[in-house]
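Notes follow once the structure below has been shown.
Nothing in this text is a laboratory measurement; each read-out follows from the coordinates by a stated rule. Source: prediction; values computed, not measured. Note that we place each Cβ from the backbone using ideal geometry, even for glycine, and neighbour counts take in every protein chain shown.
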């Protein structure tokens, strides 16, 4: 039984030295844009990521907490600037991981919670409330957040 000879290619290829990977690149795979990585986080992973970031701001805060769950009273991550915690100087980080940029309807309930719990003296109003979202804010929300009087009127309207 005659058969044609099989031609094999050399499995070891010569690779241009400019394309060689370092041991770290080989071990970890190709570099991926961090924005692509955070885009696949779920909301809990996003909140955990922001919690870690706020913890890194050690010169800003003496303590950072993350009250997870449905009873968080409008606080995803809190950074305390003094020992009075929620009754002192503190910053609120709202973590919003959505497919699209934030709009007012995405944050209006959070603003309402902050106003209610501050008014009810559960906590002192935060010094700063930051909405942290990988897709950013819509142009209309950006303009609204940049104008306290317009934001106040919009909150009252809702």
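Remarks
- Ranked packing of 99-110, 34-45, most packed first, by mean Cβ within 10 Å: 99-110, 34-45
- Cα-based equivalent ellipsoid of segment 63-136: semi-axis lengths in Å, sorted from largest, via gyration tensor: 21, 14, 10
- Distance between modelled label sites at residue 138 and residue 57, nm, 7 Å Cα→Cβ extension: 2.6
- Cα-based helix-to-principal-axis angle, 43-55 vs the chain, degrees rounded to 10: 70
- In this structure, residue 68 and residue 155 have a Cβ-Cβ separation that, at R0 = 30 Å, corresponds to a calculated FRET efficiency of about 0.70.
- Alpha-carbon centroids, segment 35-74 and segment 103-120: separation in whole Å: 19
- Once the convex hull of all Cα atoms in the chain is built, its volume per residue stands at 243 Å³.
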